[in-house]
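Heads up, the thing below is written out as structure tokens.
None of the figures in this text is laboratory data; all of them are computed from the coordinates on show. This one's a predicted model, so the numbers in the text were calculated from it and none came from an experiment. A quick note on method: Cβ atoms are made from the backbone with ideal geometry, for glycine too, and the neighbour counts reach across all protein chains shown.
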């Protein structure tokens, strides 16, 4: 029997100068942290490996020192092709300063690209990214001037526009599971998500690369339940049993080993604490009107999470089927550094399959953050000067969901508001406008959305806009707000104004419940 168990220090010797490596992980879930620590240690001690290309689908970091942060060293890293960067501040700094080539591709596209490589296809052909900064007619996903090579191609099939993300050789795949047997068969019973590990392993082996897996348990060969094996040993060249799982093999950055996040146990749902009456609650209340019973929903992180809190307070949480792009379906998305996991999910599927569902229009509605938009209805959430956040799953979700609801304050930076007695008062205006003449990057294309017939709303605490075929239309304003002073004067462009401009429901601005069920059924 061929040896398959190695230490982390031994196994990182397989990675050579100039290799392309790909890693699994969503924040801290399914992340082979111990292997990445050993790789960084080897580089610091020897200067090797160097000139690596790092490929990964989801944001893999903790905003401090974990995940892809271990690769954020000059000379170690030549190129990064990632779905999200914001969780890795040192990498963000390298990208902004032009010290590494950087491509930002949609999270679901990278997952699906692994599967295309595995099947020996020329690449991933999809409409995801058309008319956004991913489109080669714009920026081609390149995030700085150092990045020159065109990796995305515009193609035509039956006179329709598509994007081709070409296949590549991945020399080493670094994956995480829970248990390995002596033959390298891998199960994932304690993981909070199933990640994209199987597709990545198959992609690496299709090009004769090496597959490394980090686990926390090892058992006798052939004793694992075959139906629980996620990655067969035929795909695994070597595995590392974590020497310090409590530090380097955590279920998420917050949880070490929760049976609830792994889907083995259910707990009483305490629900969400009622939001205090402020701008977030106003926005979430107005957005919640776009819910319909038993619709399949995705909530972005941040402001959109308030929609679930409002639904719970109004007694509608049992009619809200939430999903997370990492794979959980139903239940309550875990917050903060456990984002990606879910509490009491119905099912946990692999991330690659979840994006099949999303790309196929499986969602009924999505609620996403509103960072910056222009008259055409374009939205930027991926790059703001030195802040190189990346798109994550945003483009897959926003381009393929029939109804898209953007949620955010009207301005930012020191905004102070008073919400009381059924109306809104602007106490101090924010320093930064969000409704600008041009967005820095087009993460969502209003033009593309209008062409394919998506319903798109932009909801703020003082105004609601709808996307028309010619751009933004102001359709509602808050009670107590002056149209000229508080809305139009705080925009870099003048939107179209609906002939039947409405006043937002005063119930949004009161302490009492707003009777959401009745309002939705009207």
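Could you check what % of the DSSP bridge pairs in the chain are antiparallel, to the nearest 5? Taking every DSSP beta bridge within the chain, about 45 percent pair in antiparallel fashion.
Could you please state, rounded to a whole Å, how far the C-alpha centre of region 254-278 is from the C-alpha centre of region 310-350? Spelled out, the Cα-based centre of one part sits 9 Å from the other.
Looking at region 5-248 only, what percent of DSSP beta bridges run antiparallel? Nearest 5 please.
Of the beta bridges lying entirely in region 5-248, close to 35 percent run antiparallel.
A compact globular protein would have a Cα radius of gyration near 2.2 N^0.38 Å; the ratio found for region 46-148 is 1.09.
Applying 0.36 nm per residue to the separation of residue 265 and residue 120 and subtracting their alpha-carbon distance, the gain on full extension is 48.2 nm.
Take the Cα of residue 46, step 7 Å toward its Cβ, do the same at residue 482, and the gap between the two points is 7.0 nm.
The alpha carbon radius of gyration of the chain, expressed as a multiple of 2.2 N^0.38 Å, is 0.99. Here the label points at residue 63 and residue 416, each 7 Å from Cα along the C-beta direction, are separated by 2.5 nm in the simple model.
For residue 511 and residue 247 in the same chain, what is the full-extension length gain: residue separation times 0.36 nm, less their Cα-Cα distance, in nm?
Extra length from residue 511 to residue 247 when fully extended: 90.6 nm.
Taking N as the residue count of region 279-516, its C-alpha radius of gyration divided by 2.2 N^0.38 Å amounts to 0.98.
How large is the helix-only mean residue ellipticity at 222 nm for the chain, computed as the sum of -39500 (n - 2.57) over DSSP H runs with n ≥ 4, divided by its residue count, in deg cm²/dmol to the nearest 500?
-5000 deg cm²/dmol
Both numbers refer to the Cα atoms of region 411-522; Rg and Dmax are 15.3, 41 Å.
Among 317, 195, a tally of other beta-carbon atoms within 10 Å of each Cβ gives an order, fewest to most, of 317, 195.
The Cα-based radius of gyration of region 5-248, divided by its Kirkwood radius, gives an Rg/Rh of 0.97.
What base-10 log of the normalised intensity I(q)/I(0) is obtained for region 102-207 from the Debye formula, alpha carbons as equal point scatterers, at q = 0.14 Å⁻¹? Ignoring solvent entirely, the Cα scatterers give -0.64. Restricting to bridges with both residues inside region 336-417, how much of the DSSP beta-bridge set is antiparallel, in percent to the nearest 5? Expressed as a percentage, antiparallel bridges in region 336-417 total about 35.
With a simple spin-label model that places each label point 7 Å from the Cα along the Cα-to-Cβ direction, the separation between residue 74 and residue 5 comes to 4.2 nm. The residues 410, 43, 272, when put in order of fewest to most other Cβ atoms within 10 Å, stand as 272, 43, 410.
Rg and Dmax of region 241-386, both derived from C-alpha coordinates alone, stand at 16.7, 55 Å.
Relative to the present Cα-Cα distance, how much length would full extension add between residue 452 and residue 497 at 0.36 nm per residue of separation?
Additional length available on full extension: 13.9 nm.
As a proxy for reagent exposure, 398, 58 were ordered by neighbouring Cβ count within 10 angstrom, fewest first; the result is 398, 58.
Placing a label point 7 Å from the Cα of residue 153 along the Cα-to-Cβ direction, the residues of region 78-113 with a backbone N closer than 17 Å are 113.
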